[in-house]
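Visitor: I'd like to ask some things about the structure below.
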């Protein structure tokens, strides 16, 4: 049964911060508009998926696979980069190609415009302090908004695009990405191409691969990895926002200001944002500590440095990984194209392009960064928990703090 209910939780906001459902988790997270436009240019539909407009993204991705495939645009692009211009013109079906231009331009324009509007909605939702339901239980699924590791999501999508999205809680998105990856790999004969490439039989790899379908794969692979990383981070931020609001509403409603008595002690503990914070509060109340004697407030961290590994954790959508993944995608596509005429083949050169482009883009981002840069941020305390209790409860209370993963605690001296 619910331990406490606040009236403010019943108010329906005009601007929502996020939503969790059987279909997955989505949030009004501020994304950089030009990054949305870039992903739309790399592959129509990716820009919309990047900003959370998944339905439009699915429609545009299917459109890209159908119309590009019928127009043979990938073949034309590859042959043009190889200098075989007459063959490129002969490959392209003009009837389908003319249908491509308007939708391609719309995809770029609308992803940029939508990113701007979503950023505005995020600001308005922050003004309203909109509540978020942290869980949803249906007949089909149990969805819980919890903290996950974005690098685990990235690793799963590196092994197979779509798995990172499933790990992050995006059921429909992960299923769609996994399905399109399997379909395109089948049409491109990619699995046997990878097998021959890693066995060193590069001639056989180049002979069996379907250029038209294979050139979809570098952009798909890079986006699936990046989107898995960013979506897990966005879900973690959504969890933090929901818990911050809950703790502030709790503090305001409990009228926590009080005068400690002589036979009481004050204990201050720090936590990361996690379900353990609320579990610890509940268990301390069950111990017999009055609710108004438990103050839980989020800390405002003042670190303004840029961190290579986790700058996207900030609620501004900015990450040095943006430019790195953009560069990696470009060089992965070029590596796959020129790999058809180079000795190691399109798979090896595509992977080399992805890794090399990522490192080059990361180096450029670091050089252009105007703030002090570190590799990774130091661990921060995110929630401050102050408990005033009977001195006889101190030992049991500290045991609860330890079992619920408190980062540290201190018993305040009498003054």
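The values are calculated or read from the model by the stated rules, or taken from the named source; none is laboratory data. Worth saying up front: this structure is predicted, and the values here are computed from it rather than measured. Here the Cβ is made from the backbone with ideal geometry for all residues, glycine too, and neighbour counts use every protein chain on show.
Visitor: Output the helices (runs of 4 or more DSSP H) that fall wholly within the stretch 33-117 and possess 1 or more residues being buried (at least 18 other Cβ atoms within 10 Å of the Cβ) and within 24 Å of the chain's Cα centre (by Cα), or say none.
Guide: 33-42, 46-50, 54-71
Visitor: Still on this structure, please answer the following. With the checklist (1) more than 21 Å from residue 326 (Cβ to Cβ); (2) at pLDDT 75 or above; (3) surrounded by fewer than 22 Cβ atoms within 10 Å (Cβ to Cβ) in hand, flag the one item residue 25 doesn't pass.
Guide: All conditions pass for residue 25, except number (3).
Visitor: For the stretch 146-165, which residues satisfy the criterion of being under 18 Å from residue 18 (Cα atoms) and surrounded by fewer than 22 Cβ atoms within 10 Å (Cβ to Cβ)?
Guide: Hits for the stretch 146-165 are 146, 147, 148.
Visitor: Among the numbered criteria (1) crowded, with 17+ Cβ neighbours inside 10 Å; (2) in a helix (DSSP H, G or I); (3) modelled with pLDDT of 80 or more, which one does residue 169 miss?
Guide: Condition not satisfied by residue 169: (2).
Visitor: Condition test on residue 211, is it over 16 Å from residue 75 (Cβ atoms), in contact (Cβ under 8 Å) with a residue 24 or more places away in the chain and either touching a helix residue (DSSP H, G or I) at 6+ places or on another chain (Cβ under 8 Å) or surrounded by 18 or more Cβ atoms within 10 Å (Cβ to Cβ) (or both)?
Guide: On the way: over 16 Å from residue 75 (Cβ atoms): no; in contact (Cβ under 8 Å) with a residue 24 or more places away in the chain: yes; either touching a helix residue (DSSP H, G or I) at 6+ places or on another chain (Cβ under 8 Å) or surrounded by 18 or more Cβ atoms within 10 Å (Cβ to Cβ) (or both): yes.
Answer is no for this residue.
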